[in-house]
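The values are calculated or read from the model by the stated rules, or taken from the named source; none is laboratory data. The structure presented is a predicted model; accordingly, all values stated were derived computationally and were not measured. When we count neighbours, we look across all protein chains shown, and the Cβ atoms used for this are built from the backbone with ideal geometry, even at glycine. Note: accessible area is taken over every heavy atom of the protein model, side chains too, but ligands, DNA and RNA are not part of it. Shrake-Rupley method; radii C 1.70, N 1.55, O 1.52, S 1.80 Å.
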Amino acid sequence: MRTTQRARRAGLAALAAIVIGGSGFAVGAGATASGATPAATATATPSPVAPGSAAGVASYAGVVRQVLPSVVLIRTSEGLGSGVVLDRSGNIVTNAHVAGSATKFQVQVAGDTAPRSAHLVGTYPPDDLAVIRADDPSGLQPAKFGNSDQGQAGDVVLAIGNPLGLSGSVTQGIVSATDRAVTEPAAEGSAAATLAGAIQTSAPINPGNSGGALVSASGQVIGIPTLAAASPQGGSQAQGIGFAIPSNLARDIASQIIDSGHVTNSHRAALGAEVTTALGADGSPRGVGVVTVTSGGAAEHAGLRAGDVITAVGDAQTQDTTALSQSLAAARPGDKVTITFSRAGQERTVQLTLGELPSS
């Protein structure tokens, strides 16, 4: 999966719901983490014996010891999450939804009883990524990052983070699929983010794991755990379906934030219009209504205008804004797509050359 050029295939369009595996629980849960001894015992189970091999892996303790010092607990006034140390300057990559609206943080390495202060470097909600920097970087150990483009279904992975404030917890699973396009639920004050090229994993991801490390069996970070699927019946968390932002994308966006304080190249395709879900007479979604078009943008150049209702991008139906976002997540700036839309009750089609999502 080529994450720096965005995913080329549409992903999980039919997924009913997603819940953020981040800091959406009471700050009081942090009492478990504060000064706690790291839960360094992994819940990993031995991997199956490969054909022709003498024995399977009996323990991932060595991998955990290698990675654990690079994963920190992040505390804000709103809750807890995780982060991964990028460099010896104290830069830490995490999720934008973990950082939230905070500019000041407390970070803590597993086994370190003294939290240290940190501040926001920058955030990029469209990819749900943020960078914070520890004010005192001494002793912080940068993680080893792998090439997430090489990940494939069946690879054994570990998720390392601080679920529910349990410092240094480890779960184990496999890469279930790659190149998924998934949409997060909208947070208060911000629109839902659609993540392209996400890694699907069976490693359990719970609240507090967000921003942590999805690690290969060789101890390299290949993803940033971000989401867990929710069942369409009742909204409870679906077991064994979680998602991580590929490490190649996370490092790219984080590097831009560190270098300039914001994202200068989003790599994301854009329609160039403000849109909303259009509802039919029965209240059900019937397409994506164009509210305004950006002057000089892709939609304006293609002849779209306010009041049009987009019903498909190529062969993909767009009943709502989530479906449209997922269709665009699978494309690149400069791609030509066929837009089907209705205007004054008449169905029309137009060729549109996609623009690029504005930088932060």
Inset, instruction - Name every residue in region 295-332 that is in contact (Cβ under 8 Å) with a residue 24 or more places away in the chain, of a type in the set (S, T, N, Q) and open to solvent by 40 Å² or more (accessible area, probe 1.4 Å), in order of residue number. - result: Gln319, Thr321, Thr322, Ser325
Inset, instruction - Would you confirm whether any residue within region 286-293 is assigned to a strand (DSSP E or B), farther than 27 Å from Asn265 by Cβ, open to solvent by 20 Å² or more (accessible area, probe 1.4 Å) and at pLDDT 85 or above? - result: yes
Inset, instruction - Name the residue, out of Ser327, Ser359, that is modelled with pLDDT under 85, touching a Ser or Thr at 6+ places or on another chain (Cβ under 8 Å) and farther than 18 Å from Ala181 by Cβ. - result: Ser359
Inset, instruction - For region 170-186, enumerate the residues that are of a type in the set (Val, Ile, Thr) and either outside any strand (DSSP E or B) or at pLDDT 90 or above (or both). - result: Val170, Thr171, Ile174, Val175, Thr178
Legend entry - Out of Ala42, Ala102, sole residue that is crowded, with 18+ Cβ neighbours inside 10 Å, modelled with pLDDT of 90 or more, out of contact with any Pro (no Cβ under 8 Å at 6 or more places or on another chain) and among the hydrophobic types (A, V, I, L, M, F, W, C): Ala102
Legend entry - Condition check for Ile245: modelled with pLDDT of 85 or more, in contact with a Pro (Cβ under 9 Å, 6 or more places away or on another chain) and closer than 27 Å to Ile132 by Cβ: yes
Legend entry - Total residues in region 64-90, condition surrounded by fewer than 23 Cβ atoms within 10 Å (Cβ to Cβ) and either in a strand (DSSP E or B) or without any contact (Cβ under 8 Å) to a residue 40 or more places away in the chain (or both): 1
Inset, instruction - Go through (1) within 19 Å of Thr194 (Cα to Cα); (2) surrounded by 13 or more Cβ atoms within 10 Å (Cβ to Cβ) and name the single condition Ile258 misses. - result: (1)
Inset, instruction - Report yes if some residue within region 321-341 is among the small types (Gly, Ala, Ser) and assigned to a strand (DSSP E or B); otherwise report no. - result: no
Legend entry - Selection status of Arg251, within 14 Å of the chain's Cα centre (by Cα), open to solvent by 50 Å² or more (accessible area, probe 1.4 Å) and either farther than 25 Å from Arg133 by Cβ or among the charged types (D, E, K, R) (or both): yes
Inset, instruction - Just one of (1) in contact with a Leu (Cβ under 6 Å, 6 or more places away or on another chain); (2) assigned to a loop (DSSP other than H, G, I, E, B) trips up Asn265, so point out which. - result: (1)
